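First comes the structure, then the notes that go with it.
Values quoted throughout were computed directly from the atomic coordinates according to the rules given, and no laboratory measurement underlies them. Note that the structure is predicted; figures quoted are calculated from it, not measured. Counting neighbours? That spans all protein chains shown, and the Cβs are built from the backbone with ideal geometry, glycine included.
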Amino acid sequence: RLDLNHIETESSVFSYKEIKQLHVQLMNSQIQREKQRSVYESHIKSIAHDIKTPLSVIRIYADSLVNEKLNPTKEVFLDIQVETVKIMNLIPKFIELDYVEIPYLQNISLFINKYAHKYKEIFESKQISITLELETLLVNISDKDLERLIEHLLFNAFYYSNPQSNITISVQNKTRRLVVSDEGIGMTSETIINILKGPYRSEEAMKFNEKGSGLGLQFVKDIVRKLEANLQIDSVVGHGSKISIQFS
């Protein structure tokens, strides 16, 4: 339905004021993203320039040795070794500013929808269906952290779900919550406490899924803390678990 004050879709009604606010947020996010891209590109160019000099020295030595214009003395090889060390010392700088680690404002529902469809066949192999209840929710998060977060939440539910069951992923705009619910083996309150302390697997979990490491929810916890969000785990043994993330 379209009128002068609202736009209505199948699941939501947005006022023009809300749409305008979303537009401003997305535009500001895009500006921030472009600034970060510029910083990243400048960083890469600087490192490339720093690597070019020792590589040039090594190439000159190599060409001279191949063309027998230089005697292969110990001093020559020591110089090559020094230049090689310079390059090795520059490699960690590539990791210091990983572009995909830069957070920006993005609609997490778009990624969740794409991710769920990407791995649809894997879930169908266990006859597990996925129900998506997704509303627009903008969160300041990097691509890599978002992928890690959804991957660990979704596959944790998959591993500990019974065949022919359902996993529901809900994103709520008003409450700014992401909720993943499953119909799996569930957890005791003791297990939940231990999981929140560090990597942990209960005896029941080890019997149900021998391949697990107990690190999945720990990664989720670390990302949630990094985002200054809140993590809540509710579970009933034999009935399933519900993991909720409240974004700020």
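Listed by chain and number, the lysines placed with their C-alpha closer than 25 angstrom to that of LYS226 are LYS35, LYS93, LYS114, LYS144, LYS174, LYS197, LYS242; residues fewer than eight positions away on the same chain are left out. When the charge dipole of segment 112-194 is built from unit charges on Cβ atoms (+1 for Lys and Arg, -1 for Asp and Glu) and taken about the Cα centre, the candidate among LEU149, GLN127, SER161 whose Cα reaches farthest toward its positive end is LEU149. Panel order for ASP63, ASP50, ASP182, by other beta carbons found within 10 Å of each beta carbon, from fewest to most: ASP63, ASP50, ASP182.
In a simple Cβ point-charge model (Lys, Arg +1; Asp, Glu -1; nothing else charged), segment 101-182 has a dipole of about 140 debye relative to its Cα centre. Rounded to the nearest 20 debye, the dipole size of segment 104-246 about its Cα centre is 260 debye, using +1 on the Cβ of Lys and Arg and -1 on the Cβ of Asp and Glu.
Remark: segment 143-189 carries a charge dipole of roughly 260 debye about the Cα centre, counting +1 on each Lys and Arg Cβ and -1 on each Asp and Glu Cβ. Sorted fewest first by neighbouring Cβ atoms within 10 angstrom, LEU154, LEU90 come out as LEU90, LEU154.
Building the convex hull from the alpha-carbon atoms of segment 104-246 and averaging its projection over directions returns 7.8 nm².
Per-residue Cβ neighbour counts within 10 Å put SER64, SER56, SER241 in the sequence SER56, SER64, SER241, beginning with the fewest.
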